[in-house]
Amino acid sequence: MIKKTDLLQLSSINFAYGQTQIFADLNVGFEAGKVTAIMGGSGSGKTTILKLIGGQVSPQQGHVAWGDRAINQMKHNELYSYRKSLGMLFQFGALFTDLNVFENVAFPLREQTALPESAIKDLVLMKLHAVGLRGAQKLMPAELSGGMARRVALARAIALDPSLMLYDEPFTGLDPISTAITGNLIRTLNDALGITSVFVTHDIKASFKVADEVILLSRGTVTARGTPSELLDSRDPLVRQFVQGEVDGPVPFHVHSEAYRDDLKLESEERNW
Ligand code: ADP
Ligand code: MG
C-alpha cells in the first residue's frame, strides 16, 4: 500500500531477526506533511518499522526510501546526517534525571551544534513554549508529572528541528488527559513545524483522533491503510475486529494449543497423584 506521492516508502520488505521472520513483502508508505498512526497487535512489528525508517535495522530484501534517498543503502556519514533530520521519541526515552528541564532540552543542541549560549537559550525556550512548559524550565525531572515529562521529552526531540518525527507508543503510561494533550501536541507540532510524523500506538481512540491516516499491521504485512473514517467504515473482518476491539475474530484470542480436555486430564492426573 504505497502511493506515488508518499514521501517515505518501504517497498517489498523482507525482514527477519535471525530466524524469526517479521515482514514478508511489506509495502507501506507515508505521506509528506501528514500524521500517520501505525497500529497492530503486540509483536506485529510496529517498532521494527520505525527502526527501518530510522536506519537502525536494514531489511534483508527491499527498499526504504526517503524521497529519492535510499535509507538502507546509505553509508555511515550519510546515515548520520539523515538521522539528524529525524526526531525520535521512544517509549522509554527517559530524561536525564540529574539535569533540569532546560538542560534536558538544551542537550542535543549542545551536542550537535556550536550555537552560542544566547541562541541555545532562545531555542530551548521556544521548544518549551511549544509544548506549554516554558514555566517549568528550572524543574528537575523528579518534580514533573508523567505527562509533563513526556512533553519535555517531546521538546527535546524537536530541539534540532527535525523534518520527520517518529514516536513509539507516546501515550504509554499516561492518563486519559495527558494522552489527549500529547496527542494534540503531536498534531499541532506536525502542522506548525510543517513536518511529517509517524507514531505507533495501541490507543485506537487517540490514533483516530490525531492521525490523518492509519496503517494496520497484521501477520507480517499491512492489512489496511486509510483515513480514520475509512477504517471505521471498513467491512474487512480483520479491520472491524481491530477497530471495534473485539476479542475474537479473524485474529484468534487463543494461542494455538493442545485440546483443552487433554490439559485438564493431565491436571487431574497430577492432582490424583
Ligand atoms: P511491536 O513493536 O509491534 O510490539 P516489534 O517490532 O518490537 O513489535 O517486534 C516484532 C517481533 O520481533 C516481536 O516478536 C519481537 O519479539 C521480535 N524482536 C524485536 N526485536 C528483536 C531483536 N532485536 N531480536 C530478536 N527479536 C526481536
Ligand atoms: Mg513496540
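Structure notes:
- In the chain, helical runs assigned H by DSSP with n ≥ 4 each contribute -39500 (n - 2.57); averaged across all residues and rounded to the nearest 500, the mean residue ellipticity at 222 nm is -12000 deg cm²/dmol.
- 14 Å beta-carbon shell around residue 22, net charge (K/R +1, D/E -1): +2
- Region 1-67 - Debye-derived log10 I(q)/I(0), Cα point model, q = 0.13 Å⁻¹: -0.33
- Distance between the modelled labels on residue 69 and residue 97, one decimal in nanometres: 3.6 nm (7 Å Cα→Cβ projection).
- Which listed pairs, of 51/84; 34/121; 3/34, have C-alpha distances above 18 Å, in listed order: 34/121
- Top positive-direction residue, dipole computed over the chain with Cβ charges, set 23, 96, 220: 96
- Full extension of the chain segment joining residue 76 with residue 233 gains 52.1 nm, where the gain is 0.36 nm per residue of separation less the Cα-Cα distance.
- Between 0 and 90°, nearest 10: helix 117-130 axis offset from the chain longest Cα axis: 40
- Three principal axis extents of region 1-117 based on alpha-carbon atoms, in descending order, are 48, 32, 29 Å.
- Here each label is just a point 7 Å from Cα along the line to Cβ, and for residue 205 and residue 129 those points are 3.3 nm apart.
- Carbon and sulfur %, accessible surface of the chain computed with the full protein complex present, 1.4 Å: 54
- Computed from point charges on the beta carbon alone (+1 for Lys and Arg, -1 for Asp and Glu), the dipole magnitude for the chain about its Cα centre is near 760 Debye.
- Orientation-averaged projection of the chain equals 19.0 nm² [convex hull of Cα atoms, one quarter of hull surface area].
- Alpha-carbon Debye profile of region 105-161, log10 I(q)/I(0) at 0.15, 0.21, 0.23, 0.29 Å⁻¹: -0.38, -0.73, -0.86, -1.23
- On a per residue basis, the chain carries 53 Å² of accessible surface, using protein heavy atoms and a 1.4 Å probe.
- Taking a Cβ cut-off of under 13 Å around residue 155, the surrounding Lys, Arg, Asp and Glu residues balance to a net charge of +3, with basic ones at +1 and acidic ones at -1.
- Once C-alpha pairs closer than 8 Å and six or more residues apart are averaged by separation and normalised to the residue number of region 111-194, the relative contact order reads 28 percent.
- Unit charges on C-beta of K, R, D, E only; dipole of region 105-161, Debye: 180
- With the simple spin-label model, which puts each label point 7 Å out from Cα in the Cβ direction, the residue 110 to residue 240 separation comes to 5.7 nm.
The values are calculated or read from the model by the stated rules, or taken from the named source; none is laboratory data. Note that the coordinates shown come from a computational prediction; the quantities given were computed from them, not determined experimentally. For neighbour counting, all protein chains shown are included, and Cβ atoms are generated from backbone atoms with ideal geometry for every residue, glycine included. To get the accessible areas, we keep the full protein, side chains included, count just its heavy atoms, and leave off ligands, DNA and RNA. Shrake-Rupley method; radii C 1.70, N 1.55, O 1.52, S 1.80 Å.
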